[in-house]
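These notes are about the structure you will find just below.
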Amino acid sequence: GAVVSQHPSRVICKSGTSVKIECRSLDFQATTMFWYRQFPKKSLMLMATSNEGSKATYEQGVEKDKFLINHASLTLSTLTVTSAHPEDSSFYICSARGSTSGRDYEQYFGPGTRLTVT
Amino acid sequence: KNQVEQSPQSLIILEGKNCTLQCNYTVSPFSNLRWYKQDTGRGPVSLTIMTFSENTKSNGRYTATLDADTKQSSLHITASQLSDSASYICVVSAGGYNKLIFGAGTRLAVHP
């Protein structure tokens, strides 16, 4: 199956700093990438959808100035958490969708990034 | 309102036993239904994906069923192993493939 990687897998940062998380599709071109947030024992919550070369579409309640998303190429999307606060501590997961095996509707998830803001 | 509900919330079974997880959905227009396995601290991994016309799909010891009339799906795990301990998430795609509706998941613990 298709592979999606995330970097870093874990990050600890101080309150007020910014953190960048990378999401890469390793063996296919991802025309669309999705960013999710997951709290402990809860399901994934979609934060934003980004299409390559376009501005991201954010879900209601997600601050676009706080969570900056860039999808500059067909294999890379980045999520930058700006001026991080402890309440931003969470598990961030990206997924990517592209044309692979002819199943255009398949989304492949990355392994997630654990962000801890101290 | 598009919703996906899963039951039970959590389940403990002994190694080697079978179990069935349930998923009910109210999603329109329905595109497809997926089951994912998510290990703690990891991203979800796809187990099965079924479209409207498919009513059963297997992936090794995992068998998913779909009843589009009653809007129910189940995931049956046969001869459970310790490594099956994880959260199992039912996800329904609402038309146009862009919107995934996630269930809250069932946390399965397989004990020796």
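Values in this text are rule-based calculations from the coordinates and carry no lab data. This one's a predicted model, so the numbers in the text were calculated from it and none came from an experiment. No Cβ is skipped: glycine too gets one built from the backbone with ideal geometry, and neighbour counts run over all protein chains shown.
In chain A, which Cys residues have no partner Cys with a Cβ closer than 4.7 Å?
So far as the 4.7 Å Cβ criterion goes, A:Cys13 stand without a partner in chain A.
Based on the Kirkwood radius over alpha-carbon pairs, what value in µm²/s does the Stokes-Einstein equation return for the translational diffusion coefficient of region B:1-93 at 37 °C and 0.692 mPa s?
In µm²/s, the coefficient is 243.
Report the label-to-label distance for B:Gln9 and B:Asn59 in nanometres (one decimal), using points 7 Å from each Cα along the Cα→Cβ vector.
Simple spin-label model gives 2.6 nm for this pair.
Do any cysteines in chain B lack another Cys Cβ under 4.7 Å, and if so which?
B:Cys19
Below 20 Å, Cα to Cα, which aspartates and glutamates can A:Lys64 reach? Residues fewer than 8 away in the same chain don't count.
Within the straight-line cut-off, A:Lys64 pairs with A:Glu22, A:Glu52, A:Glu87, A:Asp88.
Is there a simple number for the mean count of other chain Cβ atoms within 10 Å of the Cβ of residues in B:38-48, and what is it?
The shielding value for this peptide is 5.
What are the residues whose amide H is under 5 Å from the amide H of A:Ser89, where those residues sit 5 or more places off or on another chain and H is modelled from the backbone?
For A:Ser89, the qualifying residues are A:Val117.
Based only on Cα atoms, what Rg/Rh ratio does the protein assembly as shown have, Rh being taken as Kirkwood's radius?
0.97
Over the Cα atoms of chain A, how large are the radius of gyration and the largest Cα-Cα distance (Dmax), in Å?
Here Rg and the maximum Cα pair distance are 13.6, 44 Å.
Can you quote the Å³ per residue value for the convex hull of the Cα atoms in region B:39-81, rounded to an integer?
89
Across chain B, how many lysine pairs separated by 8 or more positions, or lying on different chains, have Cα atoms within less than 22 Å?
For chain B, qualifying lysine pairs total 9.
So what are the ³J(HN,Hα) numbers for region A:21-34, from phi and the Karplus equation (6.51, -1.76, 1.60; θ = phi - 60°), rounded to whole Hz, Gly and Pro as x?
Values, residue by residue: 10, 9, 10, 10, 8, 8, 10, 7, 8, 9, 6, 10, 10, 10 Hz.
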